[in-house]
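The next block holds one structure in the form of structure tokens; read it before the comments.
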Amino acid sequence: MARSYLFIPGNHPAMIQNADVFGADALIFDLEDAVAAHEKDAARLLLAGFLAKARPQGVRVYVRINGLDTPLACKDLEAVVGDAVDGIVLPKAGMSELMELSTILHNLEAQKGLAKKIAILPIVETAKSLVEVEEIAKLSRLDGILLGAEDLSADMEFERTKAGTEIEYPRARIAFACKAARIEAIDTPFTDTNDPDGLREDCLHSQSLGMNAKAAIHPNQIETIHAVFSPSPKRIEWALRIRAAARKAGEQNLGVFSLDGKMVDKPIIDRAEKILRAAERFGLLPEERA
Amino acid sequence: MRNAAGRVVPDGMPAFAGADAYRSHSRVLLSQEPRKHPPVFYSSLSAVFAAAPVVDGMTLSFHHHLRNGDKVTNAVCAEILRRGLKNLTLAPSSVFPTNAILAELIQAGHVTNLRTNYINGPAALPIEAGKLRGLLLMDTHGGRARAIESGELPIDVAFLAAPAVDRNGNGSGTMGPAACGSLGYAQPDLHYAKYVVLVTDTVVDSLDRIDLDGAFVDAVLVVDSIGDPEGIVSGTTRITRDPVGLKIARDAARFLWEVGAIRPGFSMQTGAGGTSLAVAAQVRSLMREHGIRGSFASGGITGYYVDMLEEGLFDHLYDVQCFDLSAVRSLAKNALHQAISASRYGNPFDHDPIVDQLSFVILGATEIDLNFHVNVTTDSFGRLIGGSGGHADTAHGAKITVITTNLTKARLPIVKQRVTTLTTPGEDVDVLVTERGIAIRPDRIDLIAATRNSRLPIRTIEDLLQTAHALSGVPKELPHGTRIIGHVLYRDGTVIDNLYQPSQD
């Protein structure tokens with residue numbers, strides 16, 4: 001469970017070193033778009049060395065590799081797959097690419113003697129991927145699916161806008177596929193790093209369509225993303241009251257009970273428990289603050 | 001002998017005996033002598049030198065309110081060169097890169113001693129190279145005021161840039177093309193120098209405000225230009241966008257909130273850098289959110305604080321120097337924005353210095369060590385890169401002194417076992433905020449208790465040092481040279497550390 005996935009350029013030593021200080025729930029070290037062609041080898045070596053020596057603690061670590069249609073992808077995987085990495089982010093991921101990546105990872109895990117299974121975060125950023133998304137979501141190894149709206153807009157030949165009406169359908173479709181498969185629905189980054197109000201609006205919009213996390217391309221976006229995708233203190237308080245009332249009702253063998261004049265049944269209790277799990281995961285329960 | 005901070009002090013020099021040792025001494029004040037005659041107006045520096053007269057062995061002083069736009073110090077230095085004067089002591093309140101001509105005077109022995117609060121730029125190079133025949137003494141802003149008023153630093157001639165002067169020899173900081181605002185650091189020189197020269201490019205019939213009292217002025221020198229007003233802007237005056245700086249600022253503000261320092265009537269000071277302004281921005285946001293109005297903000301004032309004053313978030317601004325032109329404009333028009341002298345700002349013997357009224361101050365550090373000693377004077381090679389300015393004054397006076405800095409910079413740890421040069425003693429420092437945690441000095445049990453149940457990343461300073469070493473490795477310590485080139489003076493004038501010629505190895 002994560003609210004934010006922070007992209008860190010794989011060729012930027014200062015950013016790599018400080019990647020874990022910004023409070024992102026997950027980090028995506030980028031060897032693809034952030035790195036110019038002539039820096040690919042250097043970035044790969046830098047990142048592999050950093051992860052071996054100083055892997056950030058207390059945070060999920062992913063690496064975005066170059067596309068499987070390039071000769072770089074296998075070199076990236078060879079260099080970074082290991083105990084320090086939780087998952088691989090695959091750009092332009094369709095079913096066939098994901099199957100291929102899964103096979104490569106399987107072999108690398110065996111070859112490197114890894115006890116863990118490396119996860120995959122596919123980026124859905126082509127029309128083809130989007131129409132396959134329900135199948136993609138069912139694949140094993142997936143932690144979630146990330147919408148890549150910029151590349152998708154190029155593929156679809158629509159114009160990206162701040163309002164984001166053009167990506168309502170992809171957002172909703174990915175969100176439904178992910179929720180059905182019980183994996184994370186991760187929204188596309190908001191590309192204006194100087195517009196916190198716009199970012200907040202964008203987060204609220206994507207959340208209303210079912211997205212539960214967002215990628216960030218600048219550390220200064222984390223605070224806003226967390227503010228939107230964390231359960232609010234009011235919701236946490238409500239959920240705690242539901243939990244307490246449900247326990248009391250359980251002692252009295254009541255399946256349905258009333259709180260503040262409203263009927264409470266299992267779906268509402270489940271919703272409250274979900275909020276409390278998130279609050280616990282993000283350290284937001286009142287007792288943790290006390 | 002070793003001083004109270006454990007540094008060796010040469011025999012015959014007054015040793016730092018603790019931050020509160022000054023309290024056992026009484027204030028020493030020279031008498032202020034209003035002039036019997038109105039000031040004489042001159043149009044040539046040479047004529048002023050002749051009238052004063054300026055001769056070998058004298059001490060000449062300057063203020064630094066024109067900062068890196070200053071032309072007055074440079075003009076006086078050029079006249080010294082032209083006349084071939086020798087063995088002078090210069091006592092500018094600060095030296096900036098624009099004062100490069102000073103290097104030539106030091107090299108050639110025209111200037112043999114330098115006493116200042118801050119030095120940065122080419123003038124520092126011959127001093128590091130051992131070319132200053134005497135010593136570099138580095139005061140704090142409040143300490144310089146104390147030294148001048150007590151006669152410890154006797155000034156023969158003060159050349160004071162005055163952006164505008166009236167026919168009676170009064171000076172103003174807010175009028176004229178080189179308006180720089182408050183002239184707080186010039187006040188001790190004005191009142192206690194034996195001969196006072198105002199240097200101006202603007203003579204008017206009347207002034208909107210008087211910052212320099214003509215009763216203490218001997219001469220007014222009228223020149224074409226005293227400085228470039230753009231040069232007064234101090235460093236960056238915009239809030240940092242650097243995410244590490246913002247993270248540090250957020251945590252510093254959260255810390256201050258958790259310990260209850262941001263409450264009605266509180267007062268604060270920060271520097272002008274991007275991270276300092278980011279702390280101010282965080283504090284501003286908390287003040288708005290909780291409807292809190294503070295008493296004052298002080299120090300070098302930027303437009304950011306002017307905005308906070310105008311928004312009604314503070315009752316007053318106490319301004320010893322303006323850091324940007326927005327602050328200059330505000331000082332000229334807003335009665336709640338008040339200029340203060342260096343003595344009122346930070347002189348330990350002032351009856352109620354502003355620094356002693358501060359709820360908290362946010363300061364930087366070039367290095368900080370396990371005793372919370374801070375260096376802002378040299379880099380870790382011992383090269384001169386700044387000086388205390390008001391660092392030690394505010395650190396001592398404020399109820400809570402917060403140092404904000406990256407844990408590592410340019411792959412070097414900022415937290416060290418021992419600072420290369422000691423500027424501000426650890427006993428005046430309470431908290432260190434870095435991007436990887438907050439360390440509270442162990443004897444501030446009140447702050448430790450107030451944050452015990454918070455979610456702030458509180459760690460020990462030893463722990464932060466280990467983290468820094470894990471990231472960067474343990475840096476090789478460079479032994480300093482053996483030759484003493486100067487001393488860092490605490491605000492009471494005692495030697496808190498020596499300045500050594502950097503090792504050539």
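The values are calculated or read from the model by the stated rules, or taken from the named source; none is laboratory data. Small disclaimer: the values here were computed from a predicted structure and weren't measured. All Cβ positions, glycine included, derive from the backbone under ideal geometry; neighbour counts span all protein chains shown. The area values use the complete protein model at the heavy-atom level, side chains included, leaving out ligands, DNA and RNA. Shrake-Rupley method; radii C 1.70, N 1.55, O 1.52, S 1.80 Å.
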Entirely in segment A:1-104, the helices (runs of 4 or more DSSP H) that have 2 or more residues that are over 23 Å from B:R411 (Cα atoms) and modelled with pLDDT of 95 or more: A:72-80
Residues that are closer than 21 Å to B:P229 by Cβ and touching a Lys or Arg at 6+ places or on another chain (Cβ under 8 Å), drawn from segment B:322-350: B:A332
Any residue in segment B:381-404 that is under 14 Å from B:V419 (Cβ atoms) sitting within a Cβ distance under 8 Å of a residue that is of a type in the set (F, W, Y) and not in a loop (DSSP other than H, G, I, E, B)? List the pairs, counting only those 6 or more apart or interchain. B:G382/B:Y500
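Matching residues to (1) over 26 Å from the mean Cα position of the chain (by Cα); (2) farther than 30 Å from B:A342 by Cα:
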{"position": "B:F381", "(1), (2)": "no, yes"}
{"position": "B:G386", "(1), (2)": "no, no"}
{"position": "B:V433", "(1), (2)": "no, no"}
{"position": "B:R452", "(1), (2)": "yes, yes"}
{"position": "B:R455", "(1), (2)": "yes, yes"}
{"position": "B:I461", "(1), (2)": "yes, yes"}
{"position": "B:Q466", "(1), (2)": "yes, yes"}
{"position": "B:V474", "(1), (2)": "yes, yes"}
{"position": "B:I484", "(1), (2)": "no, no"}
Whichever residue in segment B:394-411 is within 29 Å of B:S472 (Cα to Cα) and open to solvent by 10 Å² or more (accessible area, probe 1.4 Å) and, among such residues, is farthest from the other protein chains (Cβ to nearest Cβ): B:T404
Counting only residues that are of a type in the set (A, V, I, L, M), surrounded by 24 or more Cβ atoms within 10 Å (Cβ to Cβ) and under 21 Å from B:G109 (Cβ atoms), segment B:33-75 contains a total of 1
Consider B:A280 carefully, then state whether it is under 22 Å from the mean Cα position of the chain (by Cα) and either more than 30 Å from B:N74 (Cβ to Cβ) or not hydroxyl-bearing (S, T, Y) (or both). yes
Of the numbered conditions (1) open to solvent by 30 Å² or more (accessible area, probe 1.4 Å); (2) in contact with a helix residue (DSSP H, G or I) (Cβ under 7 Å, 6 or more places away or on another chain); (3) within 30 Å of A:A54 (Cβ to Cβ), B:S454 fails exactly one; give the number of that condition. (1)
Which one of these does A:M263 not meet: (1) more than 22 Å from A:A149 (Cα to Cα); (2) at pLDDT 90 or above; (3) part of a strand (DSSP E or B)? (2)
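Conditions tested, residue by residue: (1) crowded, with 22+ Cβ neighbours inside 10 Å; (2) in contact with a Lys or Arg (Cβ under 9 Å, 6 or more places away or on another chain); (3) under 30 Å from B:G245 (Cα atoms); (4) among the acidic types (D, E).
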| site | (1), (2), (3), (4) |
| --- | --- |
| A:L6 | yes, no, yes, no |
| A:N18 | yes, yes, yes, no |
| A:A26 | yes, yes, yes, no |
| A:L31 | yes, yes, yes, no |
| A:L46 | no, no, yes, no |
| A:G67 | no, yes, no, no |
| A:G94 | no, yes, no, no |
| A:G113 | no, no, no, no |
Within segment B:302-350, can you find the residues that are in a loop (DSSP other than H, G, I, E, B) and at pLDDT below 95? B:T302, B:F323, B:D324
Just one of A:F22, A:F50 is touching a Lys or Arg at 6+ places or on another chain (Cβ under 7 Å), within 13 Å of another protein chain (Cβ to nearest Cβ) and either under 21 Å from A:L105 (Cα atoms) or open to solvent by less than 40 Å² (accessible area, probe 1.4 Å) (or both); which is it? A:F22
Segment B:464-486, residues that are of a type outside the set (D, E), away from chain A (no Cβ under 14 Å) and surrounded by fewer than 21 Cβ atoms within 10 Å (Cβ to Cβ): B:V474, B:P475, B:K476, B:L478, B:P479, B:H480, B:G481, B:T482, B:R483, B:I484
Cβ-Cβ below 7 Å, separation at least six or inter-chain, first residue in segment B:308-328 and at positive phi, second open to solvent by 10 Å² or more (accessible area, probe 1.4 Å) and modelled with pLDDT of 95 or more: which pairs? B:G312/B:R293
For the condition at pLDDT 95 or above and either touching a Cys at 6+ places or on another chain (Cβ under 6 Å) or not in a strand (DSSP E or B) (or both), what is the one hit in B:V355, B:V361? B:V355
Looking only at helices (runs of 4 or more DSSP H) that fall completely inside segment A:144-232, which ones have 3 or more residues that are free of Cβ contacts under 8 Å to residues at least 60 places away in the same chain and open to solvent by 50 Å² or more (accessible area, probe 1.4 Å)? A:149-156, A:168-181, A:196-208
B:R241 fails exactly one of the following numbered conditions: (1) within 14 Å of chain A (Cβ to nearest Cβ); (2) at pLDDT 95 or above. What is the number of that condition? (2)
Could you give every pair whose Cβ atoms fall below 6 Å, whose first residue belongs to segment B:271-285 and is not in a helix (DSSP H, G or I), and whose second residue is not aliphatic (A, V, I, L, M), counting only separations of at least 6 or pairs across chains? B:A272/B:S234; B:A272/B:G235; B:A272/B:G300; B:A272/B:T302; B:A272/B:F323; B:G273/B:G235
Specify which of the listed residues (B:H25, B:H63) is of a type outside the set (D, E, K, R), under 26 Å from B:V95 (Cβ atoms) and touching a residue at least 12 places away in the same chain (Cβ under 8 Å). B:H63
Which members of segment B:160-215 meet the condition of being among the small types (G, A, S), surrounded by fewer than 24 Cβ atoms within 10 Å (Cβ to Cβ) and closer than 18 Å to B:Q338 by Cα? B:A179
